[in-house]
Amino acid sequence: MYDAETQTREPRPFATFERMESQVRSYSRSFPAVFDRAEGSWQYDKEGRGYIDFLTGCSVLNYGHNHPAMKRALMDYIESNGVVHSLDMHSRAKAEFLEALEGKILKPRGMNYRAQFTGPTGANAVEAALKLARKVTGRTNVIAFTNGFHGVTLGALAATGNSHHRTGAHMPLSGVTRMPYDGYFGEGVDTAAQLEQMLSDPSGGVDKPAAIIVEVVQGEGGLNVASAEWLRKIEKISHKHGALFIVDDIQAGCGRTGSFFSFEGMGLKPDIVTMAKSLSGMGLPMALVLVKPEFDQWKPGEHNGTFRGNCHAFVTAKAAIDTFWADDSFGAEVQKKGERLRKRLREIALQNRSVVKGVKGRGMMCGLDVGSGEISDPVVDEAFKRGLIIETSGAHDQILKVLAPLNITDADLDAGLDILADCVAEVAGRQALGSAA
Ligand SMILES: *Cc1c(COP(=O)(O)O)cnc(C)c1O
């Protein structure tokens, strides 16, 4: 077809997006295709080309694309003229989700929490959690950690470390004190002890916090893993100083690390847990704040939001819990798959020592540290050309992050990792040639 704009016959598949969509678009720049269909671990573009998905909507599709159980439940619900949107009125869909959450997730884990539905983004769940902690304690300051990512609306952004996102605010971000995450200064430096000393010192200069907010594994921050011991210290410090202990489980939760919550088995009892991303199981927007009953001190409507009653998301979220979390077997499978992933990443690291500095992460949330975006970006580009979708994270985009579906088949996982291995080797080879020249 002749294109009047470019005066050529070159097909321009992205013309509509380039003409109409804001410059702010980002993932589409890394993955130049127009996607059309998706099933399981695969996405297909308009031309029918398949890509193995190691990004899964940034851990939104932990059970893969269009899982049959969730699709069936949603189609049945739509067919029966189920309410689509209900504000926060009572709905059957919400009741059934809450019963599944209570009976299959919270009770078996000995957890007693109230569920607050917020606007459907992770950032809004974090906004609500921080507001509530400030309300409960009557304090302003919140402690967040280096490389933490908590969303990009102003309150959550204040807790986010990344300067690229922070400068986007174009106004002062206040009410948060930054402290070093576990391992930030390398092994042997106990950053929890530093925090404790600064908070205990009347001249330490850190205002008494309303909350300490932490990710158990930092997703966007570069797959940094906090030890159980460090997290227990942080929880203890929170309580000693009268602050609420908030775990942001938006990315690491919903099974990503091999258990429903990322902090299971660590002896932690967070006061507040934020959830979003994979919670609906099918990619429908949904966010949740779990609050210990004694801290549920909201006045009715005090944190509001129109889209807190997405019944389709409740239906698929319930189906996800019923399908995957009725017992411990899925978590055990995820742990096994995580070991398979880690083993192969270690092999890739050993075979490409000139560019790979190490393997990072936990469970099905692992990746390769290649030091900088100079190595990771060409790997992402090359992988995409060969049919693999994979993204980076970390302060310097230095982590190639594998966020495959948790239920990916071993064959698809291995096929994706084969592509990754080839691309890392290819970029390492180019690098060697470049430095020899
Ligand atoms: C993605 C993410 C958020 C923000 O969620 P949005 O839905 O993008 O607003 C908050 N915290 C963590 C840990 C995340 O990974």
Query raised in the report: Top mean-square fluctuation among Thr392, Thr274, Thr177, Gaussian network model of the chain, C-alpha springs under 10 Å?
Result: Thr177
Report task. Name the residue farthest towards the positive end of the dipole of the chain from the options Asn304, Pro293, Phe261, assuming +1 on Cβ of Lys and Arg, -1 on Cβ of Asp and Glu, about the Cα centre. Result -> Pro293
Requested in this report: Using every pair of alpha-carbon atoms in region 69-324, split the distances into 5 Å bins beginning at 0 and state the percent of pairs per bin, rounded to integers.
Outcome: 1, 6, 13, 18, 19, 16, 12, 7, 4, 2, 1, 0, 0
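For Thr167 and Arg49, compute 0.36 nm times the residue count separating them, minus their Cα-Cα distance, and round to one decimal in nm.
38.7 nm
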Query raised in the report: Between region 273-307 and region 43-70, how many Å separate their Cα centres?
Result: 26
Report summary line: Using alpha carbon centers only, region 146-177 is separated from region 384-403 by a whole-angstrom value of 23
Query raised in the report: In region 224-328, which GluC sites (Glu not before Pro) are in a loop and have at most 16 other Cβ atoms within 10 Å, using DSSP for the loop call?
Result: Glu264, Glu302
Report task. May I ask you to sort Cys311, Cys254 by Cβ crowding, counting other Cβ atoms within 10 Å and putting the fewest first? Result -> Cys311, Cys254
Report task. Please give the FRET efficiency for Glu187 paired with Asp88, using the beta carbon to beta carbon distance and R0 = 45 Å, rounded to the nearest 0.05. Result -> 0.45
Report summary line: In units of 2.2 N^0.38 Å, the Cα radius of gyration of region 328-437 is 1.05
Query - Computed helical MRE - 222 nm, the chain, DSSP H runs ≥ 4 contributing -39500 (n - 2.57), nearest 500 - result: -11500 deg cm²/dmol
Query raised in the report: Among the lysines, which have Cα under 22 Å from the Cα of Lys385 when same-chain residues fewer than 8 positions away are ignored?
Result: Lys46, Lys401
Query raised in the report: More than 16 Å apart: what percent of Cα pairs in region 101-156 qualify?
Result: 57
Query raised in the report: For the pair Ala436 and Arg340, how long in nm is the line joining their label points, each one 7 Å along Cα→Cβ?
Result: 3.7
Query - Stokes-Einstein diffusion coefficient of region 41-92, Kirkwood radius over Cα pairs, 25 °C, 0.890 mPa s, in µm²/s - result: 181
Query raised in the report: Under a point spin-label approximation (7 Å from Cα along Cα-to-Cβ), what is the Ser22-Lys71 distance to one decimal in nm?
Result: 3.2
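Only counting other Cβ atoms within 10 Å, I'd like Lys277, Lys292, Lys318 sorted with the fewest neighbours first.
Details: Lys277 27, Lys292 17, Lys318 24.
Fewest-to-most Cβ neighbours within 10 Å comes out as Lys292, Lys318, Lys277.
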Query - Phi-based couplings in Hz for region 291-304 (Karplus 6.51, -1.76, 1.60; Gly and Pro marked x) - result: 10, 4, x, 5, 9, 7, 9, 5, 7, x, x, 5, 10, 9
Query raised in the report: Which one of Pro378, His85, Ser435 is farthest out on the positive end of the charge dipole of the chain, using unit charges on Cβ (Lys, Arg +1; Asp, Glu -1) and the Cα centre as origin?
Result: His85
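With charges set only on the Cβ (+1 for Lys and Arg, -1 for Asp and Glu), what does the dipole of the chain come to about its Cα centre, in debye to the nearest 20? Please report the intermediate quantities before stating the final value.
On the way: 49 positive and 53 negative charges, 159 e Å.
In debye, rounded to 20, the chain gives about 760.
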Query - Cα convex hull volume per residue for the chain (Å³) - result: 173
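No value in this document is a laboratory result; all are computed from the given coordinates. Everything quoted here is computed from the prediction, not taken from an experiment. Cβ: placed from backbone, ideal geometry, glycine included. Neighbour counts: every protein chain shown.
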